[in-house]
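One structure below.
The values are calculated or read from the model by the stated rules, or taken from the named source; none is laboratory data. Worth saying up front: this structure is predicted, and the values here are computed from it rather than measured. Positions of Cβ are generated from backbone atoms using ideal geometry, with glycine treated the same way; all protein chains shown enter the neighbour counts. When the accessible area is computed, the model is the full protein with side chains, heavy atoms only, and any ligands, DNA or RNA have been set aside. Shrake-Rupley method; radii C 1.70, N 1.55, O 1.52, S 1.80 Å.
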Amino acid sequence: MAITMSDSAAQRVQTFLTNRGKGVGLRLGVRTSGCSGMAYVLEFVDELFDEDTVFEDKGVKVIVDAKSLVYLDGTELDFVKEGLNEGFKFNNPNISSECGCGESLTSSLLS
């Protein structure tokens, strides 16, 4: 089981954490929502919970709760700039489809 980050994503998260002045790392999760059934959740983590799994890649900790891990295993978090737009992109091998915004997904694990 693993969650990885591209160089650009790791640099962006590290910059956010440094500017924020605190934080253990970045939480990556999923919740029921979005136009495809589930939506990604990204948030800063100040405190770890017992049920959290912590991955470290390129010096950044990525924290995933147990319920989300089954949907996110193998995901690479990337940070991309396309024209005037920039944001995080999820390269998730577990999805069967996603909406045009790239923020919600349907997992093959739900079928």
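Given the condition of a type in the set (Gly, Ala, Ser), surrounded by 16 or more Cβ atoms within 10 Å (Cβ to Cβ) and either assigned to a helix (DSSP H, G or I) or in contact with a strand residue (DSSP E or B) (Cβ under 9 Å, 6 or more places away or on another chain) (or both), answer yes or no: does some residue in segment 66-84 qualify? Among the residues of segment 66-84, at least one is of a type in the set (Gly, Ala, Ser), surrounded by 16 or more Cβ atoms within 10 Å (Cβ to Cβ) and either assigned to a helix (DSSP H, G or I) or in contact with a strand residue (DSSP E or B) (Cβ under 9 Å, 6 or more places away or on another chain) (or both), which makes the answer yes.
Can you pull out the residues in segment 47-65 that are exposed (fewer than 12 other Cβ atoms within 10 Å of the Cβ) and in contact with a strand residue (DSSP E or B) (Cβ under 7 Å, 6 or more places away or on another chain)? Within segment 47-65, just GLU51 meets the criteria. I'd like to check something: does segment 26-36 contain any residue that is surrounded by 15 or more Cβ atoms within 10 Å (Cβ to Cβ), of a type outside the set (Phe, Trp, Tyr), at negative phi and in contact with a Gly (Cβ under 8 Å, 6 or more places away or on another chain)? Checking segment 26-36: not a single residue is surrounded by 15 or more Cβ atoms within 10 Å (Cβ to Cβ), of a type outside the set (Phe, Trp, Tyr), at negative phi and in contact with a Gly (Cβ under 8 Å, 6 or more places away or on another chain).
Would it be correct to say that LYS58 is touching a residue at least 24 places away in the same chain (Cβ under 8 Å), more than 22 Å from LYS81 (Cβ to Cβ) and more than 12 Å from the chain's Cα centre (by Cα)? No, not satisfied.
So in segment 85-108, with the set limited to residues that are among the small types (Gly, Ala, Ser) and open to solvent by 30 Å² or more (accessible area, probe 1.4 Å), which one is modelled with the lowest pLDDT? Here the residue is SER108. What are the residues in segment 1-42 that are part of a loop (DSSP other than H, G, I, E, B) and either within 16 Å of VAL62 (Cα to Cα) or within 13 Å of the chain's Cα centre (by Cα) (or both), if any? The answer is MET1, ALA2, ILE3, SER6, LYS22, GLY23, VAL24.
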